[in-house]
Structure formats: C-alpha cells, structure tokens
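**Student:** Could you have a look at this structure, given as structure tokens, before my questions?
The values are calculated or read from the model by the stated rules, or taken from the named source; none is laboratory data. All values derive from a computational prediction rather than experimental measurement. FYI the Cβ positions are ideal-geometry reconstructions off the backbone, even for glycines, and counts take in every protein chain you see.
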Amino acid sequence: MKKILFLFVLLANYLSFSQSPYTLPQLKYTYAALEPSIDSTTMIIHHTKHHQAYVNNLNKAIAGTKLESLPLEELLLNATLIPDAVRNNAGGHYNHSLFWEILTPKKDTKPSLELFKAIETNFKNIDSLKKLMNQAASTRFGSGWAWLILTPDKKLAVTSTANQDNPIMDVASVRGIPLIGIDVWEHAYYLKYQNKRTDYLGAIWNLIDWETVSLKYMNALSNPLLEKIEKDNWKELKDFYKIIIETCHPLEENNFGPIRELSGELYLKALILKKSTIPTSLKHEKTKLALEKMLILSKEIHAMVEKNEKEEHIRKKMEELHTTFHEVQAYCMH
C-alpha cells in the first residue's frame with residue numbers, strides 16, 4: 001500500500017511539473033446559461049474548441065523557449081518582437097479569457113458609481129457607450145474585437161483590433177487595459193445569427209456583467225501595466241531606437257558606413273525625440289537631461305561626419321550616445 005501511495009505522489013508531482021504554462025479557464029456559468037442571447041452549442045464549440053486551440057497552440061509555440069517563462073501580458077506588450085504564432089495565440093487566449101469573465105446570466109447588473117461617473121465623463125451615458133462599441137464592432141472588417149479600455153491617461157476609450165490582437169499589444173493604434181471585449185469573429189455568433197452581426201451585438205449587452213467590469217476598472221486604475229503601456233507607447237523613443245540599431249550596432253564590427261550615411265537622420269530623430277511628449281511617469285529631470293544630452297551628441301556626431309573626422313573620434317561619441325540612450329530605456333523599465 002505504501003509503495004502504491006508513493007508512486008501516486010510521484011505521478012501527481014510529475015503531472016504538476018509537466019503541466020503546460022497556460023490552461024483553459026473554467027466558466028462561472030453553464031454553457032446553456034447565456035441563452036437565448038448566446039446558444040449552448042456556440043458556447044461549447046467556442047470554449048472547448050476555439051479557445052482550447054489557442055491555449056494548445058500557445059503552449060506549443062513557446063515550449064522550450066525563453067518566452068515560456070514570461071507572463072502573458074509581457075508577451076502581449078512585445079507583440080512586434082515575438083513570432084506570429086505566439087502573438088496570435090497569446091492574444092486569442094487573453095481575449096477569450098476576458099470575454100468569458102465579463103459575461104453573466106444575471107439580469108440587470110449595474111456599473112459601480114466610479115465606473116458610471118467615468119462613462120458619463122467620457123461618453124455622456126451608457127447608451128452612447130453601447131452605440132460606439134457596436135459601431136466599432138460592426139465596422140470591423142473581417143474578424144476581430146471591439147473594446148472598452150482604460151488608457152494610460154486613465155480615461156475610457158472605445159477601439160477595435162483585427163484578428164486576435166488587443167489594446168495591450170504594441171501593434172494597437174489605441175492602447176490601454178481592456179475592460180470589455182466583444183468577440184466579432186464569426187464563430188462567436190454565426191450558428192445562431194448567421195450573417196446578422198448587428199443582431200448579435202444587440203443581444204450581447206443583455207449579458208454584460210457590469211459588476212465584473214466595474215471591478216476591472218478599479219483594478220486597472222492602479223495596475224502597473226498601465227504605466228508600462230504608457231512608456232512602451234513612446235513612439236519617438238522607438239523611432240530613435242531603430243536608428244540606433246542601424247548606426248551604433250554596425251560599429252561593433254568596425255562598419256562606419258551606416259553612420260556616415262545616416263548621421264543627418266540620427267540628428268533629426270534626436271531632435272524629434274527631444275520635442276516629443278514625455279510619458280507622465282517619466283517626467284523627471286533625469287529624463288529631460290538625458291534627452292538633451294542625446295540631442296547634443298547626435299548634433300556633434302553629424303558635424304563630425306560632415307567634416308570627415310577620424311573614425312575613433314566618431315566611435316567615442318557614438319558609444320557615449322548609446323550609453324545615454326540606454327539610460328532613458330532603463331527609466332522606462334522602472
């Protein structure tokens with residue numbers, strides 16, 4: 001008996017350690033509970049087939065890679081840097097997990113006072129919000145999602161994304177933390193509504209769990225992810241990073257061709273960066289001084305290239321610029 005018990009414990013431990021990083025979330029209601037707005041057959045297929053496929057494919061795509069140890073939100077933040085298979089399936093898993101959370105069979109749930117005031121401030125009333133959400137969803141060509149999000153400046157906004165992208169991702173035109181996500185892929189509604197997406201959009205509001213959405217709103221206000229999105233959304237810094245890669249990195253192999261060709265663009269990007277709006281969380285003296293130094297160094301490098309000065313002098317200035325740039329990057333990470 002002891003031997004059998006010991007083997008059972010070993011097996012349990014093995015299973016716990018060999019579990020994939022991501023699993024299909026359990027629903028807080030039955031598949032039939034959302035009828036008539038969403039039929040049970042659609043729910044079963046949507047949850048156990050489509051969502052499960054995103055989970056399986058995500059685990060497969062990250063298996064044995066460094067991405068396996070990253071939180072889901074970190075994968076989303078770096079959507080442009082990760083393989084498409086990871087981006088699509090990480091988005092599919094996150095989006096559907098949110099979708100199930102904000103649906104409920106309970107009738108007439110209400111937003112909290114805090115969320116209600118925010119809706120009034122940004123959209124006048126809930127009906128206006130619903131109208132904007134439905135417009136975003138109905139005009140999304142092909143497959144995708146409509147979103148209510150909290151932006152980095154802590155305002156509510158309505159937006160939409162294609163496929164399984166979402167507003168956390170660095171590919172999104174409007175970024176923030178999702179509070180409501182409405183799935184407008186055909187598999188979300190076609191069995192019941194066929195091509196009548198607007199009928200589905202009218203019915204989905206019968207299921208929105210405003211209590212859960214209100215809780216998500218309050219949590220989002222103090223979520224560190226909001227600050228990360230704000231910093232990551234600093235487009236001018238990203239543009240400068242691209243020119244740094246094109247000019248500084250070749251110097252490691254004694255290739256001065258790119259900096260001689262692009263010194264003017266380097267200076268221009270530094271000037272644009274200096275004039276850009278610094279994220280609120282980074283508006284301190286160190287950031288301003290670093291940007292000023294980067295502009296001065298970029299101007300000096302351009303002048304040195306124009307005068308055809310010695311390569312070792314140019315390299316020294318470039319190394320100083322590279323170090324200063326990484327100081328600003330470090331501020332963005334803390």
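**Student:** Somewhere in the range 68-82, is a residue in contact (Cβ under 8 Å) with a residue 12 or more places away in the chain and under 27 Å from residue 40 (Cα atoms)?
**Tutor:** No: zero hits.
**Student:** So residue 309 ticks every box in (1) more than 19 Å from residue 323 (Cβ to Cβ); (2) touching a residue at least 40 places away in the same chain (Cβ under 8 Å) but one. Which box is left unticked?
**Tutor:** (2)
Let's see how each residue does on (1) within 20 Å of residue 22 (Cβ to Cβ); (2) hydroxyl-bearing (Ser, Thr, Tyr); (3) modelled with pLDDT under 95:
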{"position": "64", "(1), (2), (3)": "yes, no, yes"}
{"position": "68", "(1), (2), (3)": "yes, no, yes"}
{"position": "80", "(1), (2), (3)": "no, yes, yes"}
{"position": "87", "(1), (2), (3)": "yes, no, no"}
{"position": "95", "(1), (2), (3)": "yes, no, no"}
{"position": "112", "(1), (2), (3)": "no, yes, no"}
{"position": "118", "(1), (2), (3)": "no, no, no"}
{"position": "122", "(1), (2), (3)": "no, no, no"}
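**Student:** Also, I was wondering about something else. Please work out if residue 321 is touching a residue at least 12 places away in the same chain (Cβ under 8 Å) and over 21 Å from residue 255 (Cβ atoms).
**Tutor:** Working: touching a residue at least 12 places away in the same chain (Cβ under 8 Å): yes; over 21 Å from residue 255 (Cβ atoms): no.
Answer is no for this residue.
**Student:** So which residues in the range 238-292 are among the aliphatic types (A, V, I, L, M) and touching a Pro at 6+ places or on another chain (Cβ under 9 Å), if there are any at all?
**Tutor:** Initial filter on the range 238-292 (among the aliphatic types (A, V, I, L, M)): 243-245, 251, 259, 262, 266, 268, 270-273, 278, 282, 289-291.
Selection gives 251, 259.
**Student:** Need a quick list: helices (runs of 4 or more DSSP H) entirely within the range 168-286 having at least 1 residues that are assigned by TED's automatic domain parsing to the domain that holds residue 110, under 25 Å from residue 147 (Cβ atoms) and in contact with a strand residue (DSSP E or B) (Cβ under 9 Å, 6 or more places away or on another chain). Let's see the steps before the verdict.
**Tutor:** Working: elements: 190-193, 197-204, 210-221, 224-232, 235-247, 257-275.
By residue number, 197-204, 210-221, 224-232.
**Student:** Out of the residues in the range 301-334 that are assigned to a loop (DSSP other than H, G, I, E, B) and charged (D, E, K, R), state the one that is surrounded by the most Cβ atoms within 10 Å (Cβ to Cβ).
**Tutor:** Here is the first cut: in the range 301-334, the ones assigned to a loop (DSSP other than H, G, I, E, B) are 307-310, 333-334.
Pick out the ones that are also charged (D, E, K, R) and you get 307, 309-310.
Values: 307: 8, 309: 13, 310: 9.
Per the criteria, the residue is 309.
**Student:** Same structure, new question: When you check residue 150 against the structure, is it under 30 Å from residue 40 (Cβ atoms), at pLDDT 95 or above and in the same structural domain as residue 53 (by TED's automatic domain parsing), yes or no? Reasoning before the result, please.
**Tutor:** Values: under 30 Å from residue 40 (Cβ atoms): no; at pLDDT 95 or above: yes; in the same structural domain as residue 53 (by TED's automatic domain parsing): yes.
So residue 150 does not fit the description; no.
**Student:** Do we have residue 278 as of a type in the set (A, V, I, L, M, F, W, C), under 31 Å from the mean Cα position of the chain (by Cα) and crowded, with 19+ Cβ neighbours inside 10 Å here?
**Tutor:** The answer is yes for residue 278.
**Student:** Which ones in the range 169-178 are crowded, with 22+ Cβ neighbours inside 10 Å and hydrophobic (A, V, I, L, M, F, W, C)?
**Tutor:** If we filter the range 169-178 for residues that are crowded, with 22+ Cβ neighbours inside 10 Å, which is where we start, we get 169, 175-178.
Result: 169, 177.
**Student:** Then there is this: Tell me which helices (runs of 4 or more DSSP H) are completely within the range 63-124 and hold 3 or more residues being in contact with a strand residue (DSSP E or B) (Cβ under 9 Å, 6 or more places away or on another chain) and buried (at least 19 other Cβ atoms within 10 Å of the Cβ), or say none if there are none. Quick ask: steps written out before the conclusion?
**Tutor:** Numbers: elements: 72-77, 84-101, 113-123.
The helices (runs of 4 or more DSSP H) meeting that bar are 84-101, 113-123.
**Student:** Right, next: Since residue 294 meets every condition but one in (1) more than 23 Å from residue 77 (Cβ to Cβ); (2) out of contact with any Ser or Thr (no Cβ under 8 Å at 6 or more places or on another chain), which condition does it not meet?
**Tutor:** Of (1) more than 23 Å from residue 77 (Cβ to Cβ); (2) out of contact with any Ser or Thr (no Cβ under 8 Å at 6 or more places or on another chain), only one is false for residue 294: (2).
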